[in-house]
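Read-outs throughout are calculated quantities, based only on the coordinates presented, and are distinct from any laboratory measurement. Since the structure is predicted, the reported quantities are computational estimates derived from the model, not experimental observations.
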Amino acid sequence: SKPESTTIDSTSKVLWSHCFRRPDRQPGRPLPGVPRHTGADSRSFHHSHIQGQTSLDLALTESTYSPDNYDASLCTGPESGSCRVAWAAYGPKGSRVFTRYFDGGALLPVLPLSPTDRMQTRPLCVPAEDDTRLVWLEKEAQTYSVWTRRADAAALAEPELLTTLPASAKPWELQATLSSDGTLWTCWAQSSRGKSEIRILHRRPDGKSVSF
């Protein structure tokens, strides 16, 4: 039988397709039975059963802030079958970052990562044993800073400032990971005055940070 077709709102550019990477998924290739867009104005997607699995195409961003959503990061959640995604969106107030949790059966509400009106970008999801660590960049005037926040299924903890970069320094390709003792490691390329370098910072569970 033909797969059932579901039309998704054309303003929803980030779609929830799979929580887990398919072992037969090839980079740059669509999932079997899930065709690519057929045209610039086409937003018709399909969901079908593939090898006993269900592919669910759900509107993830729902145009909460803007139809221009990008820079998504995905990680598995602490609950079985769960995952969390973070993404950036460009709208009336500039670039902002958001997150949403899938509990294995339903999508929870979209939450903003930052309470500020500063420019925000490059959100990252880092899986932890009992929750998720979220990391992102903010910019005020010409100064960037790196922030983090814990997240459980339904709520976000208070945001924490990890570091503030030198004025006019520009970060690139922010990365983050957690060690087994709960230390948060972050890394980025940083350019300033014609020179580019790699910076690493780690925040221990006791709140102390070391950078190099």
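Details
- Value of Rg to Rh for the range 67-212, rounded to two decimals, is 0.96; Kirkwood radius and Rg both from alpha-carbon coordinates.
- Contact order relative to length of the range 57-140, as percent, for alpha carbon pairs under 8 angstrom and 6 or more apart: 26
- Taking every C-alpha pair closer than 8 Å and separated by at least 6 residues, the mean separation divided by the residue count of the range 97-212 gives a relative contact order of 15 percent.
- ³J(HN,Hα) computed for each position of the range 78-88 - Karplus, 6.51 cos²θ - 1.76 cosθ + 1.60, integer Hz, glycine/proline x: x, 8, 4, x, 9, 7, 10, 10, 10, 7, 9
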